[in-house]
1. Is it the case that Y363 is open to solvent by 10 Å² or more (accessible area, probe 1.4 Å) and either polar (S, T, N, Q) or under 24 Å from F393 (Cα atoms) (or both)?
2. Can you name the residue in segment 418-443 that is over 24 Å from the mean Cα position of the chain (by Cα) and acidic (D, E) and, of all such residues, is least open to solvent (accessible area, probe 1.4 Å)?
3. Kindly indicate whether P399 is closer than 30 Å to C264 by Cβ and buried (at least 17 other Cβ atoms within 10 Å of the Cβ).
4. Sort through G33, G38 and tell me the only one that's touching a helix residue (DSSP H, G or I) at 6+ places or on another chain (Cβ under 8 Å), surrounded by fewer than 21 Cβ atoms within 10 Å (Cβ to Cβ) and of a type outside the set (K, R).
5. Check A227 against each of (1) buried (at least 24 other Cβ atoms within 10 Å of the Cβ); (2) more than 15 Å from the ligand (Cβ to nearest atom); (3) small (G, A, S) and name the one condition it does not meet.
6. Answer yes or no: is there a residue in segment 359-368 that is over 27 Å from V92 (Cβ atoms), assigned to a loop (DSSP other than H, G, I, E, B), at pLDDT 95 or above and not aromatic (F, W, Y).
7. Can you tell me which residue among D31, D51, D62 is acidic (D, E) and in a strand (DSSP E or B)?
8. Among (1) assigned to a loop (DSSP other than H, G, I, E, B); (2) on the phi < 0 side of the Ramachandran plot; (3) open to solvent by 10 Å² or more (accessible area, probe 1.4 Å), there is one condition T138 misses while meeting the rest; what is its number?
Amino acid sequence: MALTRFALFNILLFCSCAASPPNFVLLFADDLGFGDLGCYGHPTSLTPNLDRLAAAGLRFTDFYCTSPVCSPSRASLLTGRYQTRSGIYPGVIYPGSIGGLPLNETTIAEVLKPLGYATAAVGKWHLGVGSNGMFLPTNQGFDQYLGIPYSHDMGPCRNLTCFPPDVKCFGLCDVAAKKKQPFFLYYPSHHTHYPQYAGPGAAGRTLRGPFGDALYEFDNTIGNLLATLEKTGVINNTLVFFTSDNGPELMRMSRGGNSGPLKCGKGTTYDGGMREPAIAFWPGTIQPGVTHEMASTLDILPTMASLAGAKLPQVILDGVDMTEILVNQGKSKRETMMFYPTDPSEMYGLFALRLGKYKAHFYTRGATHSGTTPDKDCPVFAVLKPHDPPLIFDLEADPSENYPLFLGGRPDLQALLERIKKVKEQFEATMVFGESQISKGTDPELEPCCNPQCSPKPTCCRC
Ligand code: MG
């Protein structure tokens, strides 16, 4: 499902306003690892447009999502809050899930709407459908939605391109096109989630095989989008931000992604599962460079709110404003990053915590998604292991989390350990787990179906 230049042009045509708040284009890859882009060192990936954004923008080396799987990571991206607060756990949302991102959570789109922003979500949602589509993007602050409601390898209908299936999405997506409004485009691509595929413009065009071709197709779409921003004359008033929802699905072997020098991948709380490539591009406002400041998907909502002059939602936010990093290559307000597993619980609490350059693991565990790697800590056979004292790594000296620090005879590290414990205790005291939306179970009747009157569901929906 490559976006055509025509469709993007229609979505963005309304951007002919000059002295308006900045526009935002949020590009979100799927299961893309730290080592997957050309500009992050992959030798055979073909990502000329992302490389161009990185060369002319700001490239992050220490950027984190909040979960090593799709749905909870997306919930945090859109709300600026850890997924435990919104209840998007354990695991991911299924096609017939009864729950979804609660409507009382405030998304980036809802933060921007009061300022007159036009908002669109194009791509993979994966935050619920629910009864009568109650959890779809159009009920979460987005004016327009074109995409698939969950991963393209889920559910009996593998050719879902819009919801409901009989809506001619391309006929509706340009309704706001001629208005002179600032806009927020959220483009969570289905690429590069398994199974990977690509259209004629990308299939067989890279040295890397199906994963590389899928990534190249995504990159081509980004190129189309940039061309449209330039053509409509708004590129200098638009922040383009790129990152990914979680680390690579290593169980797919050469068809999965690559976490580069980082340990393990999807499903784990090692850095390979949650540390992601991230690029911020805004000609004339963001100077080219590389930042080692710690930042997160959590920070995108407060940052966009700050840049737009929007009010923050009156809830506990876990994100911080990273404008200073973007416009001055300054210091981050973020000192910590918390790592919950795919099945967070109040009983276990945090699996890991990063404080400055140090990361402490209180529990480690492998994951099915990270199978097949030679590192014995990554596959599902690496069962849950508590660590007291925690395993502590210096991520600047040892980004691969290979060599835990030996605390004996080191008063400085003992002091660090005490501080880490205190930070953990303070954070967990503020954490109120929201009702689990995913534990509400599934109802086949809620699954989008190409043949809504058929029976029995969901198998009859195969189309
Ligand atoms: Mg994902």
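The values are calculated or read from the model by the stated rules, or taken from the named source; none is laboratory data. Being a predicted model, the structure only gives us computed values, none of them experimental. Note that we place each Cβ from the backbone using ideal geometry, even for glycine, and neighbour counts take in every protein chain shown. Heavy atoms of the whole protein, side chains included, go into the accessibility calculation; ligands, DNA and RNA do not. Shrake-Rupley method; radii C 1.70, N 1.55, O 1.52, S 1.80 Å.
1. yes
2. Only one residue tops the list, namely D443.
3. Criteria met by P399.
4. G38
5. All conditions are met except number (1).
6. No, there is no match, as no residue in segment 359-368 is over 27 Å from V92 (Cβ atoms), assigned to a loop (DSSP other than H, G, I, E, B), at pLDDT 95 or above and not aromatic (F, W, Y).
7. D62
8. Going through the list (1) assigned to a loop (DSSP other than H, G, I, E, B); (2) on the phi < 0 side of the Ramachandran plot; (3) open to solvent by 10 Å² or more (accessible area, probe 1.4 Å), T138 breaks only (1).
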